[in-house]
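Notes to accompany the following structure.
The values are calculated or read from the model by the stated rules, or taken from the named source; none is laboratory data. What you see is a predicted model; the values in this text were computed from it and never measured. Please note: Cβ atoms are built from the backbone with ideal geometry, for glycine as well, and neighbour counts cover all protein chains shown. Just so you know, the surface numbers come from the protein's heavy atoms only, side chains and all, with ligands and any DNA or RNA stripped out. Shrake-Rupley method; radii C 1.70, N 1.55, O 1.52, S 1.80 Å.
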Amino acid sequence: MRIHHLNCGTDCPLGGALFDGRSIAPLGKLVCHCLLIETDAHGLVLVDTGYGLRDVAHPHAGPTPRITRLWRLMLNIRLREAETAVRQVEALGFRAADVRHIVVTHLDFDHAGGLEDFPGATVHVMQREYDDATGPHAGIVARNRWRRSQLDDVRQWRGYGATGEPWFGFDAVRDLAGLPPEILFVPLPGHSWGHAGVAVQRKDGGWLLHAGDAYFYRGEMRQARRHCTPGLRAYQRLMEVDATHRLQNQERLRRLSLDHRAEVSIACAHDPVELERCQAGHPL
Ligand SMILES: [Zn+2]
C-alpha cells in the first residue's frame, strides 16, 4: 500500500507561534493532514477529508452554513480549491470515483468537509460519532463543530461500535467492511466521544497511526513530558467533550510513541511539521 500525505485545509490563526510553535509572523499555520492510500485490491482509501469543494464555493450560505463565521474567524480558515482532497486526487492522476472508501477520525467540520466530493465512496465512522454529529446539538461548541450540511449528501455510511481486538494495548476495531485488514480504527474518545485514530500497516510491517485530534502539537508525542503551545492547549480544551478521557488517551499515545517508536509512527491532523516530515519521508 502506498500512502500519500495531503494537506486538505489551512488555518492561519492570529497568534502565530502561540499556536504552531514556529511562525515569526503574527499568523500561524495549521494543516488538515489527510492520508490517501493506494491499496492493492480495494481502490483508493482516504483518511479524513479536510475542507471540500462546497466549503470553498459557499462556506457560509444558507440557514445551516457548512462552516460557521465564528469558527472561520477564530481559526482564520483559508479555503483553497487546490487543497481539497478531490483536486489533489485528480492532480495525482486519479478520478474521484477511484476513492471507494473514506475512513474518518471524527466528523468535525475540518475533517468532514470533503466527504460529498466522493459520492461513490463508503464512509466509515464510529457509530457514536455519527450519532452525535447528526443528533440534536446542545451548546455552542457542538452547534459549531458538527455541520449537517456537510453530511446530508453522503450516500453510504458504515458505523462501528468501540470494542474489538487489542492493538498495542489499545482497543481496535478491525474488519472494516470492504477494507483490507491493514486498516483499522483505534477509538480515542475525549475530543469527541466517537473520536478514533486510524492505524495503517505498511508493507514493511510498521504502522502509521493517524491520531486525528487526539493531540494537536508535535511536542505532545515522542517525549516523556508533554509540551504544547498555549493556543493549541486552549483550543483542545475548548473542543473536548471530556478532559479525563482526552488526557488519558493522549498519555497512552505518548507512551506508545516512546515504547514502540520503531514499530509505530504517530501523526495528528493539524501539526504542519509532522505533515512536512511525513511528506519528505523523514521519521517523526
Ligand atoms: Zn480538527
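In order along region 77-93, the phi-based Karplus estimate (6.51 cos²θ - 1.76 cosθ + 1.60, θ = phi - 60°) of 3J(HN,Hα) comes to 6, 9, 10, 10, 4, 5, 8, 5, 4, 5, 5, 6, 4, 5, 5, 7, x Hz; Gly and Pro are listed as x. Beta bridges from DSSP with both residues in the chain: antiparallel share about 65 percent, rounded to the nearest 5.
Listed peptides 129-139, 35-45 appear in the order 35-45, 129-139 once ranked by packing, highest mean of other Cβ atoms within 10 Å at the front.
Relative to its Kirkwood radius, the Cα radius of gyration of region 194-284 gives an Rg/Rh of 0.95.
Taking amide hydrogens as placed 1.01 Å from N in the peptide plane, the amide H of C268 sits under 5 Å from those of A211, each at least 5 positions away in sequence or on another chain. Computed over the Cα atoms of region 99-141, the ratio of the radius of gyration to the Kirkwood radius (Rg/Rh) comes to 1.00. An ellipsoid equivalent to region 126-284, defined through the eigenvalues of its Cα gyration tensor, has semi-axes of 25, 21, 15 Å when rounded to whole angstrom and sorted largest first.
Under a Gaussian network description of the chain, with springs only between Cα atoms under 10 Å, the residue in C268, C32, C228 that fluctuates furthest is C228. With contacts taken as Cα pairs under 8 Å and at least 6 residues apart, region 205-250 reaches a relative contact order of 35 percent. Averaging the Cα positions of each part gives two centres, and for region 148-218 and region 28-66 these lie 16 Å apart.
In order along region 180-190, the Karplus-derived 3J(HN,Hα) couplings, from 6.51 cos²θ - 1.76 cosθ + 1.60 at θ = phi - 60°, round to x, x, 7, 10, 8, 8, 10, x, 9, x, x Hz, and Gly and Pro are given as x. Geometric descriptor of region 146-239, per residue, is 138 Å³ (volume of the convex hull of the Cα atoms).
Across region 1-40, the residues whose backbone nitrogen lies under 11 Å from the label position 7 Å along the beta-carbon direction of A234 are 14-16, 18-19. How charged is the neighbourhood of L184? Take every other residue with its Cβ under 13 Å from the Cβ of L184, and add Lys/Arg as +1 and Asp/Glu as -1. Once positives and negatives cancel, what remains is -3. As a size descriptor, the averaged projected area of the C-alpha convex hull of the chain was calculated at 13.5 nm². Within region 1-155, antiparallel bridges make up roughly 70 percent of the DSSP beta bridges whose residues both belong there. Across region 1-106, Cα pairs under 8 Å and at least six residues apart give a relative contact order of 30 percent. Note on region 144-284: antiparallel DSSP beta bridges, both residues inside, total approximately 75 percent of the bridges counted.
Using a/c under 1.5 as the rounded threshold, could you call region 23-67 rounded, prolate or oblate? The axes a ≥ b ≥ c are square roots of the C-alpha gyration tensor eigenvalues, and prolate needs a/b larger than b/c, oblate otherwise. Taking the square roots of the gyration eigenvalues as a ≥ b ≥ c, region 23-67 is oblate. Its Cα gyration tensor gives region 1-75 an equivalent ellipsoid, and the semi-axes of that ellipsoid, as √(5λ) in whole Å with the largest first, are 28, 21, 7.
Taking the chain as a Gaussian network of alpha-carbon nodes connected by springs under 10 Å, the highest mean-square fluctuation of the residues R202, R218, R66 belongs to R202. Computed about its Cα centre, the charge dipole of region 197-284 is approximately 220 debye, with only Lys, Arg, Asp and Glu carrying charge at their Cβ. Computed 3J(HN,Hα) for region 20-30, one whole-Hz value per residue from the Karplus formula 6.51 cos²θ - 1.76 cosθ + 1.60 where θ = phi - 60°, is 8, x, 8, 5, 8, 6, x, 9, x, 9, 10, glycine and proline marked x.
Radius of gyration over Kirkwood radius for region 1-140, both on Cα atoms: the Rg/Rh ratio is 0.99. The orientation-averaged projected area of the convex hull spanned by the Cα atoms of region 65-124 comes to 4.5 nm². Distances between placed amide hydrogens fall under 5 Å for T105 paired with D48, all partners being 5 or more residues away or on another chain. Per-residue SASA remark: V86, around 10 Å² accessible (1.4 Å probe; ligands, DNA and RNA not included). Model label sites at E38 and L70, defined 7 Å from Cα along the beta-carbon direction, differ in position by 4.4 nm.
Could you calculate the FRET efficiency of Q223 with D171 from 1/(1 + (r/R0)^6), where r is the beta carbon distance between them and R0 is 30 Å, rounded to 0.05? That pair, Q223 with D171, gives E of 0.75. Enter the Cα centre distance for the pair region 263-277 and region 127-143, rounded to the nearest angstrom. That distance is 27 Å. The relative contact order of the chain, computed from alpha carbon pairs under 8 Å that lie at least 6 residues apart in sequence, is 17 percent. For region 71-217, the percent of C-alpha pairs falling in each 5 Å distance bin, counted from 0 to the bin holding the largest distance, reads 2, 9, 17, 21, 21, 17, 10, 3, 0, 0.
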